[in-house]
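Every number here is computed from the coordinates shown, using simple stated rules; none is lab data. All figures in this text were calculated on a predicted structure; none of them were measured in a lab. Here the Cβ is made from the backbone with ideal geometry for all residues, glycine too, and neighbour counts use every protein chain on show.
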Amino acid sequence: MVHGFFITFEGGEGAGKSTQIERLASKMRAKKYDVLVTREPGGSPGAEAVRHVLLSGAAEPFGPRMEALLFAAARSDHVEQVIRPAVERGSIVLCDRFMDSSRVYQGVTGGLDPAFMGALEKVAINGMVPDMTLIFDIDPAEGLRRATARRGTDAGADRFEKETLDIHQRRREAFLAIAAAEPERCIVVDASADPDTVENVVTAAVFAALETMTPAHRKQAPG
Ligand code: TYD
């Protein structure tokens, strides 16, 4: 059985991931690829139910461990209900945030034990490692400015967006460290460029990866 392709989009706040995912999905659909766009936390009915608890800050008083477990619960449901079935059908899955967000937000800036985070990741993704991860890199001050502009000044920042610039800076460094440690999976995209330039970079990277994919590079189902 030939599998599809699983691409995740990661980075700090206001990096423009959602816009770029939509643009890429349209281009791929125009080329007749079967594309599924999804996001975390959420993406499946069970995970969407947990999303509100996390982003409203309702889980914050119970500490980062509790939040990390909830992100993992949501991810496990999303993987098993949506991502894995789509990839096994041969679809290209574009996912707005995934395991690297937990590594960075809960693991690094949440200060959680790497062994605990590693164990949670293993259970949550259950082998569903992204084929490709695009890390959108932007100066956090600029990213937060964009995020505020997008949201409008009436609505407040969510649980994670509202944290200090210093924390966002540490997240930026942590995402870059993941990219440096796993260059075969990760590509860093300069998200400070204008949207058309970013789109060109993303399109070139993704289509190059898809075109070099031969049957031997595709994952085979067990048996
Ligand atoms: P959301 O409003 O969906 O989006 P954006 O990706 O545009 O920032 O917010 C998701 C928030 O949840 C974001 O602040 C990052 C955080 N998050 C984690 O802390 N850990 C995770 O594992 C995931 C998936 C997200």
Pairs with Cβ under 6 Å, 6+ apart, first in the stretch 1-21 and in contact (Cβ under 8 Å) with a residue 12 or more places away in the chain, second away from the ligand (no atom under 15 Å from the Cβ) and basic (K, R): V2/R218; H3/R218; H3/K219
Residue pairs qualifying under the 6 Å Cβ cut-off, at least six apart or on distinct chains, with the first in the stretch 47-72 being closer than 19 Å to D100 by Cα and the second being within 11 Å of the ligand (Cβ to nearest atom) and among the charged types (D, E, K, R), are L55/D158; L55/R159
Filtering the stretch 140-164 down to residues that are out of contact with any Phe, Trp or Tyr (no Cβ under 7 Å at 6 or more places or on another chain) and of a type in the set (A, V, I, L, M, F, W, C), which residue is farthest from S192 (Cα to Cα)? A155
Spans of helices (runs of 4 or more DSSP H) in the stretch 122-223 with at least 3 residues surrounded by 16 or more Cβ atoms within 10 Å (Cβ to Cβ) and touching a Gly at 6+ places or on another chain (Cβ under 7 Å): 140-151, 165-181
When Q81 is run through (1) in contact with an Asp or Glu (Cβ under 7 Å, 6 or more places away or on another chain); (2) polar (S, T, N, Q); (3) farther than 20 Å from E199 by Cβ, the failure sits at (1)
The number of residues in the stretch 98-119 that are more than 14 Å from R172 (Cα to Cα), touching a residue at least 12 places away in the same chain (Cβ under 8 Å), more than 10 Å from the ligand (Cβ to nearest atom) and assigned to a helix (DSSP H, G or I) is 2
